[in-house]
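**Q** Quick one: the structure is below, and I'll ask about it shortly.
The values are calculated or read from the model by the stated rules, or taken from the named source; none is laboratory data. All of these numbers come straight from a predicted model, not from anything done at the bench. Methodologically, a virtual Cβ is constructed for each residue, glycine included, from the backbone with ideal geometry; neighbour enumeration extends over all protein chains shown. Side chains are part of the model used for accessible areas, which takes the heavy atoms of the whole protein and leaves out ligands, DNA and RNA. Shrake-Rupley method; radii C 1.70, N 1.55, O 1.52, S 1.80 Å.
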Amino acid sequence: MASPSCASTLPWTSASSLRPSAERRLMASRRAPSLVIVAQGKVKKYRQVILTDDIEAVGKKGDTMKVRAGFYRNFLLPKGKATLLTPEVLKEMQLEQERIEAEKKRVKEDAQQLARVFETIGAFKIPRKGGKGKQIFGSVTAQDVVDIIKSQLNRDVDKKLVTVPEIREIGEYVAEIQLHPDVTAQVS
């Protein structure tokens with residue numbers, strides 16, 4: 001058996017490791033603490049976000065809103081449905097809005113130009129077989145108007161946007177074409 005005096009001569013042990021923990025407590029009290037909390041700031045309860053997707057009962061894409069921090073952290077952020085509103089994001093959003101407005105303006109100008117083309121043409125003639133007097137066989141439909149515009153002007157017009165009165169006799173009629181929500185062209 002080893003005596004206590006011989007334990008201190010072993011290289012892997014020391015006299016302090018064989019004594020009670022009083023000396024260890026003294027050494028631990030001299031060490032600097034590893035984590036120091038100076039002050040704890042107030043937690044923000046709300047976050048300013050911009051929605052990147054439509055969310056039912058919350059808002060539409062592009063809306064800026066104030067939401068609870070937990071809702072943003074636990075739902076919106078992981079699903080990619082919102083981003084924090086920062087000056088960079090706000091500037092990017094404004095540039096995107098300007099681009100969209102410019103595109104809308106260009107589409108409206110194209111529709112107005114096409115309406116002027118229809119005004120300068122005057123009238124389109126749609127051939128139909130005739131019957132007694134002024135009667136014609138069949139009627140003239142929106143598809144007939146779209147086909148004649150396609151053949152003469154090489155322009156595509158959706159037949160859902162063409163409003164044609166009921167045409168069952170030979171004569172001149174006016175059809176309306178809704179080229180844009182603000183632009184309507186009239187074709188004879």
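**Q** On the protein heavy atoms, probe 1.4 angstrom, tell me the percent of accessible surface of region 64-139 carried by carbon and sulfur.
**A** The C+S portion of the solvent-accessible surface of region 64-139 is 55 percent.
**Q** Right, something else. Enter the accessible area per residue of region 56-188 (Å², integer; probe 1.4 Å; all protein chains in place).
**A** 73 Å²
**Q** For region 147-188, what is Rg from Cα atoms divided by 2.2 N^0.38 Å, rounded to two decimals?
**A** Compactness ratio reported: 1.21.
**Q** Aspartates and glutamates near Lys91 by alpha-carbon distance under 16 Å, same-chain residues fewer than 8 away left out - which ones?
**A** Within the straight-line limit of under 16 Å, Lys91 reaches these aspartates and glutamates: Asp63, Glu101.
**Q** Give the dimensionless ratio obtained when the Cα radius of gyration of region 61-188 is divided by 2.2 N^0.38 Å. Present the calculation step by step, with values, prior to reporting the outcome.
**A** Details: Rg = 24.5 Å, N = 128, 2.2 N^0.38 = 13.9 Å.
It is 1.76.
**Q** Can you list the aspartates and glutamates whose alpha carbon sits under 20 Å from that of Lys125, skipping same-chain ones fewer than 8 residues off?
**A** Filter leaves Asp144, Asp147, Asp156, Asp158, Glu166, Glu169, Glu172, Glu176.
**Q** Of His180, Gly133, Thr163, which is farthest towards the positive pole of region 110-187's charge dipole, taken about the Cα centre with +1 and -1 on the beta-carbons of Lys, Arg and Asp, Glu respectively?
**A** Selected residue: Gly133.
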